[in-house]
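The values are calculated or read from the model by the stated rules, or taken from the named source; none is laboratory data. Bear in mind that the values here come from a model prediction, so they are computed numbers and not experimental data. Cβ sites come from the backbone with ideal geometry, for glycine too, and all protein chains shown count toward neighbours.
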Amino acid sequence: MINPKDIDFYSLGFEFIETRSMFVSNFKNGSWDEGKLMPFGKFEISPAACVLNYGQGIFEGMKALRAKNGEITLFRPEENGKRFNKSAKRMLMPEYDLDKFIKGIKIVVKANEDYIPPHDSGGALYIRPMLFGNGPMLGVAPAKEFKLIIFTAPVGPYFPEGFKGIDLEISKTYTRAAPGGTGSTKTICNYAGTMLPAKEAKSRGFAQILYLDAINLEFIEEVGAANFFGIINGKLATPRKTGTILEGITREAVLELASKNLGLEVEERDISYRELFEESCSEVFCSGTAAVITPIASVSFDGKQRIFNNKKPGTITTKLYEILTGIQRLEIEDKFGWMVLV
Ligand SMILES: Cc1ncc(COP(=O)(O)O)c(C=O)c1O
């Protein structure tokens, strides 16, 4: 473990850096224990564990920030807790009490407080709650024993070189999720399959893939690990919840900010990828805990490229970014009650 005093918080990226403590809770004989703080470290697991053989595991991603006034903040943690339980239910895993979840998050953040990057570094303490079937299982069936772990890692700002757009490639080779599957849950199974498409896209100079729906290969779903938005005919449009996209907590916040703060008309609908190549689509961006609000500079498909706004972040994208990060940094009044102090 690195001593936090030896970390250069001003040059962090998104690499894993071990912190002091993790929160661990075990499910055995039909119930969860109280959970406790432990030193971060390895643990034993059976080679027959359900998670290792059949991928019975879920996770969440959150951030704790250090505000200018020294407070430690979380963004809508109860929403992560609810989504955690929605994912658990879909994967036939025991749910975790919402209050206990938030308490666990606060305990682990407090215990690793000195790993939170300073306010002016733009970094955050990334929080990773996870839950998996560690009980042995030979046939395909849910485990009987489960483990919940919450660990943390300091990370740098998403835009170390300033607020800049990314180049995306629309894929008709790969899809991320199919109707009836697990796309709207944060199960680990959804992520391993996106590594090869992402690697291939990167080798062609793109930051990520823009996924289309699995049936028609026509409607936009989402970017690797972020939700998609476009300003089309002056309205803010985002793919509707079809059960195949991850229903992002930042996505919900962006919809509220766009309609309530910017007075924009918002639409949750099917968006054909073809619309991105038309003049009526003036800006595109994506949103997520890691991505915050990331402008999309261009989208490419089949040898064609649409460049947005000379690759500069659009006006609405920039406004939404400023309001969202202002609220998260306690610099703009939080009228929505989103921020929770640790
Ligand atoms: C597939 C996927 N889509 C979208 C998101 C954005 O969700 P949120 O805003 O809750 O971070 C994430 C990240 O959690 C994700 O993994």
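Observations
- Scanning the stretch 298-308 for residues that are farther than 17 Å from Ile232 by Cβ and either crowded, with 22+ Cβ neighbours inside 10 Å or of a type in the set (D, E, K, R) (or both) turns up Asp302, Lys304.
- Restricting Glu283, Glu275, Glu252, Glu265 to those that are under 28 Å from Ala64 (Cβ atoms) and either crowded, with 16+ Cβ neighbours inside 10 Å or out of contact with any Pro (no Cβ under 7 Å at 6 or more places or on another chain) (or both) reduces the list to Glu252.
- Taking the numbered list (1) surrounded by fewer than 21 Cβ atoms within 10 Å (Cβ to Cβ); (2) of a type in the set (A, V, I, L, M); (3) within 11 Å of the ligand (Cβ to nearest atom) in turn, Ala207 passes all entries but (3).
- Among residues of the stretch 122-148 that are surrounded by fewer than 16 Cβ atoms within 10 Å (Cβ to Cβ), those with a beta-carbon under 8 Å from a residue that is among the hydroxyl-bearing types (Ser, Thr, Tyr) at least six positions away or on a different chain give the pairs Val140/Tyr54.
- Against the test of being at positive phi and free of Cβ contacts under 8 Å to residues at least 60 places away in the same chain, the options Gly243, Gly263, Gly248 yield a single qualifying residue, Gly263.
- In this structure, Ala177 qualifies as within 15 Å of the ligand (Cβ to nearest atom) and of a type outside the set (Val, Ile, Thr).
For every residue, the table says whether it meets (1) more than 30 Å from Lys5 (Cβ to Cβ); (2) at pLDDT 95 or above; (3) in contact with a helix residue (DSSP H, G or I) (Cβ under 6 Å, 6 or more places away or on another chain).
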position	(1), (2), (3)
Gly122	no, no, no
Arg128	no, yes, no
Glu145	yes, yes, no
Gly156	no, no, no
Phe159	no, no, no
Phe163	yes, no, no
Tyr174	yes, yes, yes
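- Enumeration of residues in the stretch 103-134 that are farther than 19 Å from Ser87 by Cβ, part of a strand (DSSP E or B) and among the small types (Gly, Ala, Ser): Ala124
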